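> Before we start, here is the structure in question, set down as structure tokens.
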Amino acid sequence: MTTLENPTTTTTSGAVDLDWLISVDDHILEPPNLWIDRVAAKDRDRAPHMEADADGREIWVYDGKRFPTSGLSAVVGRSKEEFSPEPLPYSEMRPGCYDPEARIEDMNRAGILASLCFPTLPRFCGQLFMEASDRDFGLVCLKAYNDWLVEDWCGSAPGRYIPLMLIPLWDPRLAVTEMERMAERGVTTFAFSENPAPLGLPTIHDKDRYWDPVMSAAADLGMVASMHVGSSSQVPKIAPDTPFMANLTWGAMRTSGTMLSWLFSDMFEKYPNLKIALSEGEIGWMPYYLERAEQVLDKQRHWVAKGARFMDHAGGGSADLDRLDIRKTFREHIFGCFIDDEHGIASIDSIGEDNIMCETDYPHSDSTWPDCIGVVRRRIAHLPEQTQYKLLRGNAERLYRFTPAQPPARPHA
């Protein structure tokens, strides 16, 4: 397997530049004109568009469904005391939520050199278009989003945005065609689901190999599968009456399940160049689950490999359990992302300094804006400068094959 080099940028004095980070998890609240400007005139009424509801509130309309914008998706610039899930009109949002040029101003203020952004209305891996009653037109809308992302969002500030494309999840071969099209436009990552099963799709363990065309193309094209927590369209519940705060705290367990599912699949055996990024799942849990996976592999692999079943669980899957090296597989293929994770950073030797990237979650309610660079720098200040650089931006540049623009002058806060 080819080892990717980790570039390092230095200042004019020769010191490592630690004043900027690359966030691999931020979000776009799509501007209301995105689709109506890009579909045929005859289709504008059925493309995603904004209307006023009976109370005069802005609401997205698509495929006979109505989608208000959650205020928790656009809290940036507000105090925690003002956070609310109630619908929020664009006129009350900070412009950086939906305007790429205004976003750059906010990025400069917070020390964010570059940003990878997940969509909002289409949801984190484009589920909206898969659920549409007319998937052919859903594909038109999906491609319009991808083109807008490259041309308008990323094109507004070259070297400041890492383009994240959507794929038609309902047809792997159509997905490959779209991946090839967007790869020619410089795209190096696509949004994928942390768990396709709740979406009604085959999993990566599917015996008919539903996802093989997509993963084969990703490996050949050098495209990273970026999986945001919640891209299974689920918020897990510990129990039916468990408080929301407890369930949200527990939510990173979705990401740990994704990591384990991939480790015990044969995807990385079959596609050695394939890499995945686990966005907004934090990293503090990784050392435990890697250790536990090794223990389970050691104790249970013999009877599992013989095809025995335990209760209603699936068998051993398709991984070669005799050759599977949990740590090696993780370090060569899986990347974790953190916003502010003290325990994760304390366990960096167990996780690996080459497998961690940072994120700011702008403009969501977990965001550290406007002190993004300060939060990360304080958390990692005890580490060697070269390691700090990797976590801040070097690993993201390497993984996404991304060359950022030269850092601008930082404005006063």
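The values are calculated or read from the model by the stated rules, or taken from the named source; none is laboratory data. Keep in mind it's a predicted model, so treat the numbers as computed, not measured. Positions of Cβ are backbone-derived with ideal geometry, glycine not excepted, and every protein chain shown enters the neighbour counts. All accessible areas refer to the heavy atoms of the entire protein, side chains included, with ligands and DNA or RNA removed. Shrake-Rupley method; radii C 1.70, N 1.55, O 1.52, S 1.80 Å.
> Does the range 124-146 contain at least one residue that is within 15 Å of His228 (Cα to Cα), touching a strand residue (DSSP E or B) at 6+ places or on another chain (Cβ under 6 Å), open to solvent by 10 Å² or more (accessible area, probe 1.4 Å) and at pLDDT 95 or above?
Yes.
> Considering each residue of the range 221-265, count those that are surrounded by 14 or more Cβ atoms within 10 Å (Cβ to Cβ), part of a helix (DSSP H, G or I) and more than 19 Å from the chain's Cα centre (by Cα), and give that number.
So the first thing to find is which residues in the range 221-265 are surrounded by 14 or more Cβ atoms within 10 Å (Cβ to Cβ), and the list is 221-234, 236, 247, 250-265.
Keeping just the survivors that are part of a helix (DSSP H, G or I) gives 221, 247, 250, 253-263.
This time we only want the ones that are more than 19 Å from the chain's Cα centre (by Cα), so: 247.
Selection size over the range 221-265: 1.
> Something else about it: Only residues that are buried (at least 21 other Cβ atoms within 10 Å of the Cβ) and more than 19 Å from Val229 (Cβ to Cβ): list them for the range 266-293, please.
Residues satisfying the conditions are Met267, Phe268, Leu274.
> Show the residue pairs meeting these rules: Cβ distance below 8 Å; 6+ apart or different chains; first residue within the range 285-303 and within 16 Å of Arg254 (Cα to Cα); second residue modelled with pLDDT under 95.
Trp285/Ala252; Trp285/Met253
> Could you tell me which residue of the range 314-365 is most open to solvent (accessible area, probe 1.4 Å), considering only residues that are farther than 24 Å from Thr387 by Cβ and within 21 Å of the chain's Cα centre (by Cα)?
The residue in question is Ser365.
> Going through the range 80-98 one residue at a time, which ones are closer than 19 Å to Tyr161 by Cα and hydrophobic (A, V, I, L, M, F, W, C)?
Quick first cut of the range 80-98, residues closer than 19 Å to Tyr161 by Cα only: 94-98.
Cys97 - this is the single residue of the range 80-98 that is closer than 19 Å to Tyr161 by Cα and hydrophobic (A, V, I, L, M, F, W, C).
> Inspect the range 193-201 for any residue being touching a helix residue (DSSP H, G or I) at 6+ places or on another chain (Cβ under 7 Å) and over 19 Å from Asp266 (Cβ atoms) and give the result as yes or no. Can you show your working first?
If we filter the range 193-201 for residues that are touching a helix residue (DSSP H, G or I) at 6+ places or on another chain (Cβ under 7 Å), which is where we start, we get 193-195, 199.
Filter once more, keeping what is over 19 Å from Asp266 (Cβ atoms): 199.
Yes - at least one qualifying residue is present in the range 193-201.
> Please specify each residue of the range 58-80 satisfying the condition of being assigned to a loop (DSSP other than H, G, I, E, B), farther than 21 Å from Asp99 by Cβ and either open to solvent by 50 Å² or more (accessible area, probe 1.4 Å) or in contact with a helix residue (DSSP H, G or I) (Cβ under 7 Å, 6 or more places away or on another chain) (or both). Give the derivation first.
So in the range 58-80, the residues assigned to a loop (DSSP other than H, G, I, E, B) come out as 63-64, 68-69, 74-79.
Narrowing the set further to residues that are farther than 21 Å from Asp99 by Cβ leaves 63-64, 79.
Scanning the range 58-80 gives Asp63, Gly64.
> So which residues in the range 369-413 are hydrophobic (A, V, I, L, M, F, W, C) and either modelled with pLDDT under 95 or open to solvent by 40 Å² or more (accessible area, probe 1.4 Å) (or both), if there are any at all? Explain how you work it out, then say what you get.
Taking the range 369-413 first, the residues hydrophobic (A, V, I, L, M, F, W, C) are 369, 372-373, 375-376, 380-381, 383, 391-392, 396, 399, 402, 405, 409, 413.
Ala381, Ala409, Ala413 - these are the residues of the range 369-413 that are hydrophobic (A, V, I, L, M, F, W, C) and either modelled with pLDDT under 95 or open to solvent by 40 Å² or more (accessible area, probe 1.4 Å) (or both).
> For the range 163-183, state whether one or more residues are aliphatic (A, V, I, L, M), over 17 Å from the mean Cα position of the chain (by Cα) and surrounded by fewer than 16 Cβ atoms within 10 Å (Cβ to Cβ).
Filtering the range 163-183 for residues aliphatic (A, V, I, L, M) gives 164-167, 169, 174-176, 179, 182-183.
Okay, now just the ones that are also over 17 Å from the mean Cα position of the chain (by Cα), so 174-176, 182-183.
Imposing the further condition that a residue be surrounded by fewer than 16 Cβ atoms within 10 Å (Cβ to Cβ) reduces the set to none.
No - not one qualifying residue is present in the range 163-183.
> Go through the range 114-152 and give me each residue that's over 17 Å from the mean Cα position of the chain (by Cα) and either closer than 15 Å to Leu29 by Cβ or among the aromatic types (Phe, Trp, Tyr) (or both).
Within the range 114-152, Phe129, Phe137, Trp148, Asp152 meet the criteria.
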